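Each reported figure results from applying straightforward, stated rules to the coordinates on display, with no laboratory input. Computed from a prediction, not measured in an experiment: that's the story for all the values here. Cβ placement follows ideal geometry from the backbone for every residue including glycine, while neighbour counts extend to all protein chains displayed.
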Amino acid sequence: MSERIREKLSILADAAKYDVSCSSSGSNRKNHNKSLGDAGNGICHTYTEDGRCVSLLKILLTNFCIYDCAYCVTRKSNDIRRVAFTVQEVIDLTINFYRRNYIEGLFLSSGIFKNADYTMERLVQVAKKLRLEHKFNGYIHLKSIPGASNELMHEAGLYADRLSINIEMPTESGLKLLAPDKNRNDMIQPINYLKNEIILHNDQKKLIKKTPMFAPAGQSTQMIIGATAESDKDIMLTADKFYKDFNLKRVYYSGFVPISNDKRLPGLGSSVPMIRENRLYQTDWLMRFYGFNVKELLNDSNPHLDLDIDPKLSWALRNLSQFPVDINKADLQILLRIPGIGLQSAYKIVQGRKFQKLNWEHLKKIGIAVNRAKYFITCNSHAYERRDLTAMNIKQYILSGSSGKNIKNNPYQLNLF
Amino acid sequence: MAITTIIYDGSWEGLLTIVFEVYDRKLSDFRVYRISESQPALFGETLLINIDQSKALRVWDGLKKKLNGPACRNLFSCYLSELKGVEDLLIEFIQLVFSSVGSVEKSFTNPCVLRLSQIGKMVHREKHRMEAFVRFKLTKDEIYYAAIEPDYNVIPLILNHFKNRYADQKWLIYDLKRGYGIYYDLNFVEEITLDKKPHINPESNLLEDSEILYQNLWKDYFENANIKSRKNTSLHLKHVPVRYWKYLIEKN
Ligand code: SF4
């Protein structure tokens, strides 16, 4: 018995690991009447040896699947061992891991057996039982199954904190090529339905305080990077559209890990495009937190991100006319656009300059990357970069001064710039 | 003038009492030491200051009037760092608060303010680590037990998190380094000290029957969630420093 469950867990965790989302924040489920758990703390309980956060028990309910998506290990033509958890097995694992403080909750995905509704119904059952029978308030992330009915998606929203569908292919042509029996509309339909339900729910909540929660951590999606030939511009325009049209909380970018010798795909042995993935996350952050419009960063004349420097520095070098910026006067919005200054240091600058004019010493103490920022700012000091440097010069100086450390950094948790 | 040496019991209230006495006795040149800490050769005067609850409370109330909640909590966190000399920094900061008109906790250009904000962050990081790295083991008497050895004395900071989260199970978190822990009995959390340090051996029959199965399942999960072609050891070690491995089931 215990050997069997260990085997299932090994197979179904292995098959789920290509989904990079592991977020457990964005909810605020509380522990009422002395039950089990609460959600929304976003704790990483450990990190795998590839340096990724482990916050949730991320598994498939089953790796049986009727589809044959070329980029997926679970595709039906793949010759692998197929297993399935029972609903109760998933519940027992979740509760027992949770009670031992291993995890923040469950992220349940699945191969599609029989049809969309049949699969979605089982996912919903797990969540429903956890909430109603086990009084579990930990985090639950359910996969929305493309083509699932509105009724099931509604139920899912009642019990899950987050829902996601991975659109996987950044372009429709990519999807046609690699997953010919899938279509974009089947994916968009549940996303769109949930978006509207969430809006409706939030309106209701304004009138009636006690309205039960509905997908409080919203929706997310994932795109595979480097499986087909799309440009960074294609990827980020799609991301931007999903953020705007469907109010997504997060878009994840997952460098393609070769899994077969299918001619349509990068073969076994090709490396995972980790730096590119990192640059896409940085671009995503610039869009969401730094006030950049996607078209400032990627457009027809710059369809690809630089691999050797981060997208903010790239942008600044293309727009040298907007610099130097006076640290003691510029608005927060402008400070955020300076290479070498992150969210926290920008905020600290605004606080700190209320007390005195800031000089280089202050800026160093605040923690900005002076050797980057110095080409773009002036402060309360006579020493500043006076030479008339070209973008190329600046790039060379910065690159020769950095150890390339940022490249090795974690693409999932960036605090660069 | 020689430096006055102030010795106290190491408690938070004790430290606040010192602040009161510093004002009351108009002390200016002093160093504070915990009684448990080694003190330098004493030249000047030595003062032993005992807890006085009402004095401590007056100082704390005064601080709360001048500082917002997070800033007050940060002072307490810094105190829990138990770093050498942190008392002197805290007193300097408190004097700064009482002598300034506006808020001072954000004036990062002041070395003392900056240092305390850094120490506060270090303690906070350790609090988060403990919220993440506690690994409960279920014992035969149905208590979820975890041993920890945090860098700083963070138990007071993690208590609420665990109390709110694990409200329907008995649990015990024990700091082996400092020899005390917190125990939740389904109603209240109380501080306890055990005579014999409770080191539960995974092989011992003190553990509930299914415990080893779940430990193995967790290890299986950890193993299989890893993507080998993305191996990144330095990042792994940065997030899970080796000194914490001892109590992490997945790393043993
Ligand atoms: S439907 Fe999902 S699980 Fe099935 S092959 Fe496609 S991506 Fe994989």
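What the table below lists for this structure:
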| read-out | value |
| --- | --- |
| Antiparallel bridges, percent of DSSP beta bridges restricted to chain A (to nearest 5) | 15 |
| Calculated P(r) of the range B:1-142 - Cα pairs past 26 Å, % | 30 |
| Charge tally in the Cβ shell below 13 Å around A:T238, where Lys, Arg are +1 and Asp, Glu are -1, A:T238 excluded | -4 |
| Cα-based radius of gyration of chain A once divided by 2.2 N^0.38 Å, which approximates compact folds | 1.08 |
| Crossing angle, helix A:184-207 versus chain A [Cα axis fit, 0-90 degrees, rounded to tens] | 80 |
| Using alpha-carbon coordinates, inclination of helix A:87-99 to the longest axis of chain A, degrees | 50 |
| Least to most buried among B:C78, A:C379 (fewest other Cβ within 10 Å first) | A:C379, B:C78 |
| For the range A:33-48, Karplus couplings with θ = phi - 60° (6.51, -1.76, 1.60), whole Hz, Gly/Pro x | 5, 6, 9, 9, x, 8, 10, x, 7, x, 7, 8, 7, 7, 10, 6 |
| Once the Cα gyration tensor of the range A:311-416 is diagonalised, semi-axes √(5λ) in Å | 21, 18, 13 |
| Neighbour-count ranking [beta-carbon atoms within 10 angstrom, fewest first] of B:W171, B:W12 | B:W12, B:W171 |
| Long-range tail of P(r) for the range B:111-252 (Cα pairs > 21 Å, %) | 50 |
| The range A:169-295, Rg to Rh (Cα coordinates; Rh as Kirkwood inverse mean 1/r) | 1.05 |
| For chain B, convex hull volume per residue from C-alpha positions, Å³ | 178 |
| Under 18 Å from B:K251, Cα to Cα: lysines that are on another chain or at least 8 residues apart | B:K137, B:K219, B:K228, B:K231, B:K238 |
| Estimated inter-spin distance, A:Q333 and A:K357, nm [label 7 Å along Cα→Cβ] | 2.6 |
| Ascending count of other beta-carbon atoms within 10 Å, so fewest first, for A:K182, A:K312, B:K228 | B:K228, A:K182, A:K312 |
| Percentage, to the nearest whole number, of Cα pairs in the range B:87-185 over 19 Å apart | 53 |
| Environment charge at A:N150 (Cβ cut-off 12 Å; Lys +1, Arg +1, Asp -1, Glu -1) | -4 |
| Long-range HN-HN contacts of B:T4 with modeled amide H, under 5 Å | B:D29, B:F30, B:R31 |
| Amide H within-cut-off set for B:D175, under 5 Å, with H built and near neighbours excluded | B:I148, B:Y180, B:G181, B:I182 |
| Subset of B:K26/B:K127; A:K17/A:K128; A:K249/A:K329; A:K34/A:K114; A:K295/A:K374 violating a 30 Å alpha-carbon distance limit | B:K26/B:K127; A:K249/A:K329; A:K34/A:K114 |
| Debye log10 I(q)/I(0) at q = 0.11, 0.18 Å⁻¹ for the range A:3-217, Cα point scatterers | -0.52, -1.41 |
